[in-house]
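One structure below.
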Amino acid sequence: MALTPEEWQAVWLSAKVAAFATLLCLPLGIALSWLMARREFFGKALIETLIQLPMVLPPVVPGYLLLMLLGTRGPLGSWLQQHFGIVFAFDWKGAVLTSAVIAFPLMVQPVRLAFRMIDTRLEQAATTLGATPLRSFFTITLPLALPG
């Protein structure tokens, strides 16, 4: 059973949206997960609440809010269209952004738990042996968190 050209186009669009949403979520999600797992700061509870909000709300609500904000008549959407010619509403870029917003909490939670489970003494040992904190993160922390 072969797919029609329209079905292949839908498969391609889904794959493209998923790939770009993942690329959009990954760096910010890893950084925010590390921050939430390793640091205490004022406003941490508020950030945790904002991260979890898309999971608690029905998917229609974040979609509607994004449409109102980034639509061509929305405050940010009209500005982006006028100054940069970027349109999110009813475009594959809007699907990427919406998918990233909805998927973000699903990525942050397990990565944050993975960072919490890493023994910080391993990172400290790497820094005492001359590794910079950034090198320690990429060579010790991130590989140990990879299963999460």
Note to self: Classify the stretch 27-111 from the C-alpha gyration tensor, please: rounded if a/c falls under 1.5, else prolate or oblate depending on whether a/b exceeds b/c.
What the structure shows: prolate
Next item on the list: Principal axes first, then extents: for the Cα atoms of the chain, list largest minus smallest coordinate on each axis, whole Å, largest first.
Entry: 55, 46, 32
Notebook entry, point to check: Scanning the chain for helices, which whole DSSP H stretches are 30 Å or more long along the axis (Cα) and average 0.0 or more by Kyte-Doolittle?
Noted result: 5-38, 92-117
Notebook entry, point to check: GNM on the chain, C-alpha springs below 10 Å: top fluctuator among MET36, MET117, MET107?
Noted result: MET117
Check: What residue among GLY74, GLY63, GLY43 shows peak mean-square fluctuation when the chain is described by a Gaussian network model with Cα springs under 10 Å?
Finding: GLY43
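Every number here is computed from the coordinates shown, using simple stated rules; none is lab data. Every value quoted in this text rests on a predicted model; they were computed, and no experiment measured them.
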